[in-house]
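The structure appears right after this line, and notes come after that.
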Amino acid sequence: MIIASAEVSAPVALFVYSRVEHAQRAVQSLLLNPEAPETELIVFSDGPRGTLDAKAVSEVRDYIASIRGFKGVRIYTSPLNKGLARSIIDGVSQVLKQNHMVIVLEDDLVVSPYFLQYMNSGLRLYKDDARVASIHGYCYPMKRIEGDTFFLRGADCWGWATWRRGWDNFEPDGKKLLSKLAQEGLMRKFDLDGAYPYVRMLKNQIKGKNNSWAIRWHASCFIKNMMTLYPSASLVQNIGNDNSGTHCNTTSSFNVNLSDHPILVKKIEISENQGARNRVAIFFRKERNLLRRVLSKLKTLFLI
């Protein structure tokens with residue numbers, strides 16, 4: 001049965017694996033949202049890679065079986081290890097076969113008590129506008145943008161939501177995406193004018209050096225000049241940058257203070273906010289320069 005009412009809260013698809021403490025913190029933060037009792041939680045639990053992960057996966061599954069406080073909890077457990085990319089692609093696709101919209105979280109994301117209000121408001125406001133690809137809950141630690149929300153081109157992956165019509169644009173073939181970026185002369189723009197190596201990330205996905213679904217989701221929307229709505233104050237904190245997750249190393253660079261107030265979602269111009277784009281680029285350039293200095297210092301120390 002397809003959920004059609006615009007006033008129905010979007011279901012939350014939560015993807016978990018082997019980090020029970022992370023999963024507990026993510027769920028507990030969701031439960032602090034007043035909309036939680038009216039929200040269905042759909043949990044996708046990936047299977048263990050081997051015997052070393054089996055116990056941790058089992059602990060996570062024991063925990064998710066105990067979750068209460070939502071409108072309903074549905075759990076899907078995979079007997080085999082799909083990996084993060086396939087888990088998310090399959091899971092989001094599955095939810096959107098029965099729902100027009102979905103909110104997506106991974107087990108290492110802690111959210112503000114105002115997260116669900118913002119996500120649902122954005123989903124309802126822009127549901128019929130094909131120029132908008134998704135709603136995003138995380139905002140980079142940068143100088144605050146004027147206004148409550150802004151748009152950036154493409155898509156993102158730390159606490160996001162989309163509609164069936166948005167996810168229909170997802171292209172899983174990285175080679176096709178790279179070819180399209182080249183054909184349309186978008187390579188440098190895709191890399192934030194050299195601030196972040198998104199093209200290299202996509203090339204590495206094609207080579208099998210990473211298995212990122214997110215770079216393909218971003219590229220799919222970027223090529224079509226689709227926009228994602230961001231809050232000017234972050235509603236999501238990533239607690240997985242502790243070297244415990246896929247594609248995440250130990251760093252505090254992305255730490256933010258969660259918004260302590262609701263984010264007002266209202267109609268704004270659907271075009272990329274150049275000020276926000278520039279500030280994101282500045283943030284990434286600073287991080288890359290810091291990394292280069294650290295690596296250079298380490299190299300010098302080892303040479304001594």
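For segment 19-46, name all the residues that are farther than 19 Å from Gly240 by Cα and open to solvent by less than 60 Å² (accessible area, probe 1.4 Å). Outline the logic, then answer.
Start the filter on segment 19-46 by keeping residues that are farther than 19 Å from Gly240 by Cα, which leaves 31-42.
The answer is Asn33, Glu35, Ala36, Thr39, Glu40, Leu41, Ile42.
When you scan segment 170-180, do you find a residue that is of a type in the set (Ser, Thr, Tyr), open to solvent by 10 Å² or more (accessible area, probe 1.4 Å) and either over 22 Å from Lys127 (Cα atoms) or assigned to a helix (DSSP H, G or I) (or both), even just one? First the steps, then the outcome.
Taking segment 170-180 and keeping what is of a type in the set (Ser, Thr, Tyr), we get 179.
The next check asks that each one be open to solvent by 10 Å² or more (accessible area, probe 1.4 Å); those that pass are 179.
Filter once more, so that each one left must be either over 22 Å from Lys127 (Cα atoms) or assigned to a helix (DSSP H, G or I) (or both): 179.
Yes: one or more hits.
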Legend entry - Residue list for segment 84-95, restricted to those being surrounded by fewer than 21 Cβ atoms within 10 Å (Cβ to Cβ) and over 16 Å from Trp158 (Cα atoms): Arg86, Asp90, Ser93, Gln94
Inset, instruction - Pull up segment 240-259, narrow it to residues that are modelled with pLDDT of 95 or more and farther than 21 Å from Lys286 by Cα, then point me to the one that is most open to solvent (accessible area, probe 1.4 Å). - result: Leu258
Legend entry - Verdict on Asp129 being open to solvent by less than 40 Å² (accessible area, probe 1.4 Å) and farther than 15 Å from Ile268 by Cα: no
Inset, instruction - Sort out which residues of segment 189-209 are without any contact (Cβ under 8 Å) to a residue 60 or more places away in the chain and either open to solvent by less than 30 Å² (accessible area, probe 1.4 Å) or under 19 Å from Asn225 (Cβ atoms) (or both), and write them in order of number. - result: Lys189, Phe190, Asp191, Pro197, Tyr198, Val199, Leu202, Gln205
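Being open to solvent by less than 50 Å² (accessible area, probe 1.4 Å), more than 21 Å from Arg19 (Cα to Cα) and out of contact with any helix residue (DSSP H, G or I) (no Cβ under 9 Å at 6 or more places or on another chain) is true for just one of Met119, Met142, Met101. Which residue is that? Working first, answer last.
On the way: Met142 fails: out of contact with any helix residue (DSSP H, G or I) (no Cβ under 9 Å at 6 or more places or on another chain); Met101 fails: out of contact with any helix residue (DSSP H, G or I) (no Cβ under 9 Å at 6 or more places or on another chain).
Unique residue meeting the criteria: Met119.
Restricting to segment 122-139, name every residue that is of a type in the set (Gly, Ala, Ser) and in contact with a helix residue (DSSP H, G or I) (Cβ under 9 Å, 6 or more places away or on another chain).
First, the residues of segment 122-139 that are of a type in the set (Gly, Ala, Ser): 122, 130, 133-134, 137.
Hits for segment 122-139 are Ala130, Ala133, Ser134, Gly137.
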Legend entry - Pair list, Cβ < 8 Å and 6+ apart or interchain, from segment 224-242 residues that are in contact (Cβ under 8 Å) with a residue 12 or more places away in the chain and on the phi > 0 side of the Ramachandran plot to residues that are among the basic types (Lys, Arg) and open to solvent by 10 Å² or more (accessible area, probe 1.4 Å): Asn225/Arg131; Asn225/Arg153
Inset, instruction - List every residue pair whose Cβ atoms sit under 6 Å apart, with the two residues 6 or more apart in sequence or on different chains, where the first one lies in segment 18-46 and is touching a residue at least 40 places away in the same chain (Cβ under 8 Å) and the second, anywhere, is among the basic types (Lys, Arg). - result: Thr39/Lys71; Ile42/Arg74; Asp46/Lys82
Legend entry - Residue match in segment 267-285 (condition: over 30 Å from Val20 (Cα atoms), open to solvent by less than 70 Å² (accessible area, probe 1.4 Å) and either in contact with a helix residue (DSSP H, G or I) (Cβ under 7 Å, 6 or more places away or on another chain) or modelled with pLDDT under 85 (or both)): no
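The values are calculated or read from the model by the stated rules, or taken from the named source; none is laboratory data. In this text the structure is predicted, and so the values were computed from the model without any measurement. Because the Cβ atoms are built from the backbone with ideal geometry, glycine has one as well, and the counts that use them run over all protein chains shown. Surface areas here come from the heavy atoms of the whole protein model, side chains and all, with no ligands, DNA or RNA. Shrake-Rupley method; radii C 1.70, N 1.55, O 1.52, S 1.80 Å.
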